[in-house]
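Beneath this line is the structure, given in structure tokens, with notes to follow.
The values are calculated or read from the model by the stated rules, or taken from the named source; none is laboratory data. Fair warning: this is a prediction, and the values are worked out from it, not measured in the lab. Reconstructed Cβ throughout: ideal geometry from the backbone, glycine too, with neighbour counts over all protein chains shown. Remember, those area values only see protein heavy atoms, side chains included, never the ligands or the DNA or RNA. Shrake-Rupley method; radii C 1.70, N 1.55, O 1.52, S 1.80 Å.
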Amino acid sequence: MRPNRLPEQPVGRRSRAEVFEGVINGAIKRVVVIGNGFSGAESQCIGLVRALGLSGCHSLYRVTRPRGGINEWLHWLPVSLHKKVNYIIRQIYSRFQMEAKGNEVVPFSVQKTGLSNVLEADAKQIAMMACDTFDKDGPLLVVASGRDTIPVASSIKRLAPENVFVVQIQHPRSQLNRFDLVITPRHDYYPLTPHAQKQIPWFLRRWITPREPPDRCVVLTVGALHQADSPALRSAASVWHYDLSSLPKPLLVVNIGGPTRSCQYGVDLAKQLTAMLQNVLWSCGSLRISFSRRTPEKVSKILLKELSANPKVYIWVGEAWADAFVITADSVSMLSEACTTG
């Protein structure tokens, strides 16, 4: 069995930072990242910022939606309209509670999002900041990812066209001229995936389906952007070397994600995955299973019950340094990170 090797910096080609620097003439010294509260989207933005060598120069803003209760059924609404509907529902609910309790004020419970320490993304405020500080700090790079961030990022470009360079990660589906650059995985570009193109009704395709070949402002990537670059991998490998080098090899790492619209996580899937892992245990020296924050508890409990007693198996949450990976197919980000290890 070949030993684990620390990943080396690619040689003989320009880095992503150098390529992007040619686009913006090396003038960018500050970045605003606009996220949606989901790590899969925000990690892509921060990964691009890292590649540009601007990790210490970015500020994070978020577009947040109301969460909990009926709000889970209203995510198809634009964010601004969703917030207004949520406000009306809260007012009606509070009034109903007051009447039911004899005019006693009953607070309306809202699920906390945990995002209070991050500024809410306000397009006017960010655009004004870019204009007011342009002479001193130069142009502002705005990097956004996720459907809910599209209106904010495009509004910033409209309000401060000469003061910002706006990059939208993941395809906005229409009006690409609202952005300076669109970065999207190849599998997300409908004309290049016939199966995905069939999912769009024919009478809508001319408005929301990208044109082929890609526009000059569109960059197609093989997978999703992320933060697992060579320096990060080498650092993690050094940190975890003592803990992992003594384990019997080969070491197989299984990263388990969570449900998406096209991939439901249930008891049957957990049992199927458990059976598959038990079938390959004979070929492993060690097996480490890592759950994501999105993994349903019913899935993790089954895996824990069936596999945790096996001396080869470790249930663990952390970075992975392994001989091989098994990745659940719900997350392109996890797949892309694993492929980066080489």
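Listed by first and then second residue, the pairs with beta-carbon distance under 6 Å, at least 6 apart or on different chains, first residue in segment 55-72 and at pLDDT 85 or above, second open to solvent by 50 Å² or more (accessible area, probe 1.4 Å) and of a type outside the set (F, W, Y), are Y61/L119. Here the condition is being modelled with pLDDT of 90 or more and within 17 Å of I208 (Cβ to Cβ); of S154, S174, S145, it holds for S154 alone. Considering segment 70-98, and only residues there that are open to solvent by less than 60 Å² (accessible area, probe 1.4 Å) and in a helix (DSSP H, G or I), the residue that is farthest from Q227 (Cα to Cα) turns out to be Q97.
Looking only at residues of segment 288-342 that are within 19 Å of the chain's Cα centre (by Cα) and without any contact (Cβ under 8 Å) to a residue 40 or more places away in the chain, we find that the one that is farthest from Y242 (Cα to Cα) is P296. Entry remark, segment 275-298: residues being crowded, with 16+ Cβ neighbours inside 10 Å and within 13 Å of N255 (Cα to Cα) number 9 in total. Can you pull out the residues in segment 57-69 that are buried (at least 17 other Cβ atoms within 10 Å of the Cβ) and part of a loop (DSSP other than H, G, I, E, B)? Within segment 57-69, V63, T64, R65, P66 qualify. The residues of segment 209-226 that are of a type outside the set (D, E) and at pLDDT below 85, listed by number, are T209, P210, R211, P213, P214, R216, C217. Among the criteria (1) out of contact with any Leu (no Cβ under 8 Å at 6 or more places or on another chain); (2) among the hydrophobic types (A, V, I, L, M, F, W, C); (3) farther than 27 Å from L176 by Cβ, the one V222 does not fulfil is (3).
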